[in-house]
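FYI, it's all coordinate maths here, none of it is from the lab. Only a predicted model underlies this, so the values are computations on that prediction, with no experimental measurement involved. Cβ: placed from backbone, ideal geometry, glycine included. Neighbour counts: every protein chain shown.
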Amino acid sequence: MTDPIVRSALFVPASRPERIPKALASGADVVIVDLEDAVQESLKEQARADLEAFLLANPDARLLVRVNAAGHPGHAADLALCQQHAGVVGVLLPKVESAGQVNRAAACGKPIWPIVESAKGLVELAGIARAEGVERLSFGALDLGLDLGLASGTPAAGRMLDQARYAVLLHSRMAELAPPLDSVFPDIQDREGLARTAADAADMGFGGLLCIHPSQVAIVHEALRPGADDLAWAHRVLTASASGDGVFVVDGQMIDAPVIGRARRLLQRAGQAFS
């Protein structure tokens, strides 16, 4: 992937190849064709064959693939498919629990996006983040909550999962990775809840969210878009910073290097450049 700005990464099952064009047309920044959780075990081989047929028939398509986890019988075949097709621009590696698993997946020559989904994955996160080929991290709250024995959806579970989010953010920064993606929001009908979750993710430093339905994409993008007042402030700050003064005042606020950095980040989130 050449563009580090990924706000939405939309899953589509490999077992439903007719949905892949719809996903690619959804406006999502990234489409992830799923060979793992979204595909029944009995359909794994057929799903892989369907994905290969799609890639051969659509050589201009660009997508990521969530392969089956290390240890699954189809893991090696999934990676081989990814290696063979230029249309696969990255591998989403689920249930990662060691840097070695990442290194072996990276041998396919594609950027790797590990998903942290277990207590062991959290413990090994420093090594995972620095493993060969890693471009950005992601986070699976549902699987991690199950592994930790959390009561899903409760405030207490949320507090625990936020500590995991902090770890993902910290190690992303230490390894100089692209901003990580937060977990899926499972309630497709709860548009307001999704918008709050996406805004919180952005405020915490995540780049965006994993999405499970095309209807979520526009909501996530809108929630992540900085407001007009914030963008106007960012432009004023960066205009004033051109004077070269180390510390200056804009709108009565002292501006120094960290504040300038925040202004630049706001414009980046909005897809705007400042010259």
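When each pair of different Cα atoms in region 29-155 is counted once in the 1/r mean, what is the Kirkwood radius in angstroms, to one decimal?
Numbers: mean 1/r = 0.0667 Å⁻¹.
Over region 29-155, the inverse of the mean reciprocal pair distance is 15.0 Å.
When the alpha carbon gyration tensor of region 105-146 is reduced to an equivalent ellipsoid, its three semi-axes come out at 20, 11, 7 angstrom, largest first. Here the translational diffusion coefficient of region 100-201 follows from Stokes-Einstein with Rh set to the Kirkwood radius across Cα pairs; for 20 °C and 1.002 mPa s it amounts to 150 µm²/s.
Could you tell me the calculated FRET efficiency between ARG62 and ASP203, based on Cβ-Cβ distance and R0 = 30 angstrom, to the nearest 0.05? If you can, show how the numbers build up before the last one.
Values: r = 30 Å, r/R0 = 0.99.
Plugging the Cβ-Cβ distance into 1/(1 + (r/R0)^6) gives 0.50.
Starting from the Cα of ASN103, step 7 Å along the direction of its Cβ; do the same at ARG236; then give the gap between the two resulting points in nm. Taking the simple label geometry, ASN103 and ARG236 are separated by 5.3 nm. Potential lengthening of the chain between ALA25 and ALA119 amounts to 30.2 nm, from the contour at 0.36 nm per residue minus the alpha-carbon distance. Looking only at region 32-46, which residues have a backbone nitrogen under 11 Å from a spot 7 Å from the Cα of GLU18 in the C-beta direction? Once the point is set 7 Å along Cα→Cβ of GLU18, nothing inside region 32-46 turns out to lie under 11 Å by backbone N.
Phi angles of region 215-229 translate, via the Karplus equation with coefficients 6.51, -1.76, 1.60 and θ = phi - 60°, into HN-Hα couplings of 5, 7, 4, 5, 5, 5, 4, 5, 5, 8, 6, x, x, 4, 5 Hz per residue; Gly and Pro are given as x.
What the Cβ-Cβ distance of LEU170 and GLU45 gives, at R0 = 41 Å and to the nearest 0.05, is a FRET efficiency of 0.55. The calculated FRET efficiency for GLU132 paired with GLN84, based on their beta-carbon distance and R0 = 22 Å, is about 0.65.
For region 109-115, putting each phi into the Karplus relation 6.51 cos²θ - 1.76 cosθ + 1.60 with θ = phi - 60° gives couplings of x, 10, x, 10, 10, x, 10 Hz, in residue order, rounded to whole numbers and with x for Gly and Pro. Remark: C-alpha extents of region 168-275 on the principal axes read 48, 32, 23 Å, sorted largest to smallest.
Counting pairwise Cα distances across region 1-100, what percent come out greater than 24 angstrom? Beyond 24 Å sits 16 percent of the P(r) for region 1-100.
Put simply, the amide H of ARG66, placed in the peptide plane, has neighbours under 5 Å in VAL33, ASP34, LEU35, LEU92, leaving out anything fewer than 5 places away on its chain. Please compute the Kirkwood hydrodynamic radius over the chain, one decimal place, Å, based on all pairs of different Cα atoms. Here the Kirkwood hydrodynamic radius works out to 19.7 Å. For region 15-63, the spread of Cα positions along the three principal axes, ordered from largest to smallest, is 31, 21, 14 Å. Among ALA99, ALA38, ALA201, which one shows the biggest mean-square fluctuation in a GNM of the chain, springs joining Cα atoms closer than 10 Å? Highest fluctuation of the listed residues: ALA38.
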